[in-house]
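K.L.:
Could you have a look at this structure, given as structure tokens, before my questions?
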Ligand SMILES: NC(=O)c1ccc[n+]([C@@H]2O[C@H](COP(=O)([O-])OP(=O)(O)OC[C@H]3O[C@@H](n4cnc5c(N)ncnc54)[C@H](OP(=O)(O)O)[C@@H]3O)[C@@H](O)[C@H]2O)c1
């Protein structure tokens with residue numbers, strides 16, 4: 001009986017928590033409240049000696065993130081599935097080639113990269129796509145799911161030992 005009540009009330013509880021959290025943080029008033037605590041100096045930091053990895057750094061949000069991290073003095077690794085496009089952006093970073101739609105390619109990339117034995121302080125998973133046609137990868141997954149969900153999960157999971165090596169400074173961010 002207790003379990004039934006719990007299962008029935010959980011969606012209501014989740015929806016209420018979601019609304020309260022949204023109201024406190026994501027409304028105009030919430031954002032204005034947070035902005036009072038914002039201090040520009042907090043983001044003016046140098047991160048020399050830190051190793052940062054950004055997937056999808058060829059373009060868009062990933063490229064902007066990578067440029068910013070590099071400008072703060074970090075060693076940055078850009079993960080791209082396209083050697084030619086990657087090369088254009090790689091002037092500020094060390095290009096790593098990996099097709100993030102394939103678990104087996106992510107596994108071999110992670111194992112290659114792990115052999116460098118460097119800590120990863122920051123992992124930013126930004127690679128992603130929105131394919132409107134039904135495309136199935138050679139491993140049998142729908143392409144959007146393979147890159148946006150599985151690829152992100154596998155990359156983080158397999159690089160976890162390197163993130164742990166960077167503790168307590170490590171962090172992982174997903175799109
Ligand atoms: N822009 C926004 O306002 C916004 C808002 C919320 C969420 N997002 C999400 O954030 C992510 C990035 O957005 P964006 O606007 O920066 O997109 P974007 O310019 O299209 O960048 C996506 C990046 O992912 C890479 N990529 C795609 N498929 C890949 C694969 N199989 N293996 C490795 N890399 C792959 C692309 O490389 P190539 O160029 O070589 O294909 C590109 O560098 C997307 O998932 C998007 O849904 C974006």
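The values are calculated or read from the model by the stated rules, or taken from the named source; none is laboratory data. On a predicted model such as this, the values are computed, not experimentally measured, just so you know. Glycine gets a Cβ as well: all are built from the backbone with ideal geometry, and neighbour counts include every protein chain shown.
K.L.:
What's the number of the only condition in (1) more than 11 Å from the ligand (Cβ to nearest atom); (2) under 21 Å from residue 171 (Cα atoms); (3) in contact (Cβ under 8 Å) with a residue 24 or more places away in the chain that residue 95 fails to meet?
P.N.:
Evaluating residue 95 over (1) more than 11 Å from the ligand (Cβ to nearest atom); (2) under 21 Å from residue 171 (Cα atoms); (3) in contact (Cβ under 8 Å) with a residue 24 or more places away in the chain leaves (3) as the failure.
K.L.:
State which residue is nearest to residue 95 (Cα to Cα) when the search covers only region 58-82 and only residues that are more than 6 Å from the ligand (Cβ to nearest atom) and in a loop (DSSP other than H, G, I, E, B).
P.N.:
Checking each candidate, the answer is 74.
K.L.:
Can you find a residue in region 120-131 that is outside any strand (DSSP E or B), in the same structural domain as residue 53 (by TED's automatic domain parsing), more than 16 Å from the ligand (Cβ to nearest atom) and closer than 17 Å to residue 78 by Cβ? Give the steps one after another, and end with the answer.
P.N.:
The first filter runs over region 120-131 and keeps only residues outside any strand (DSSP E or B), leaving 120-121, 126-131.
Within this subset, residues satisfying the condition of being in the same structural domain as residue 53 (by TED's automatic domain parsing) are 120-121, 126-131.
Filter once more, so that each one left must be more than 16 Å from the ligand (Cβ to nearest atom): 120-121.
Still in the running and closer than 17 Å to residue 78 by Cβ: 120-121.
Yes, some residue in region 120-131 is outside any strand (DSSP E or B), in the same structural domain as residue 53 (by TED's automatic domain parsing), more than 16 Å from the ligand (Cβ to nearest atom) and closer than 17 Å to residue 78 by Cβ.
K.L.:
Going by the structure shown, is residue 17 surrounded by 10 or more Cβ atoms within 10 Å (Cβ to Cβ), in the same structural domain as residue 169 (by TED's automatic domain parsing) and more than 13 Å from the ligand (Cβ to nearest atom)?
P.N.:
When the stated conditions are applied, residue 17 does not pass them.
K.L.:
Something else now. Testing residue 154 on (1) within 21 Å of residue 48 (Cα to Cα); (2) touching a residue at least 24 places away in the same chain (Cβ under 8 Å), one condition comes back false. Which one is that?
P.N.:
Of (1) within 21 Å of residue 48 (Cα to Cα); (2) touching a residue at least 24 places away in the same chain (Cβ under 8 Å), only one is false for residue 154: (1).
K.L.:
Separate question: Residue by residue through region 23-56, note down the ones that are closer than 23 Å to residue 123 by Cα, at pLDDT 90 or above and not in a loop (DSSP other than H, G, I, E, B).
P.N.:
Result: 51, 52, 53, 54, 55.
K.L.:
Here's another thing I want to ask about it. In region 150-175, what residues are at pLDDT 90 or above and either crowded, with 19+ Cβ neighbours inside 10 Å or within 16 Å of the ligand (Cβ to nearest atom) (or both)?
P.N.:
150, 151, 152, 153, 154, 155, 156, 158, 159, 162, 163
K.L.:
Of everything in region 136-149, what is within 11 Å of the ligand (Cβ to nearest atom) and over 16 Å from the mean Cα position of the chain (by Cα)? Give them in sequence order.
P.N.:
Residues satisfying the conditions are 137, 143.
K.L.:
Please determine, by comparing only the residues of region 101-118 that are outside any helix (DSSP H, G or I) and farther than 16 Å from residue 140 by Cβ, which one is farthest from the ligand (Cβ to nearest atom).
P.N.:
So the residue we want is 117.
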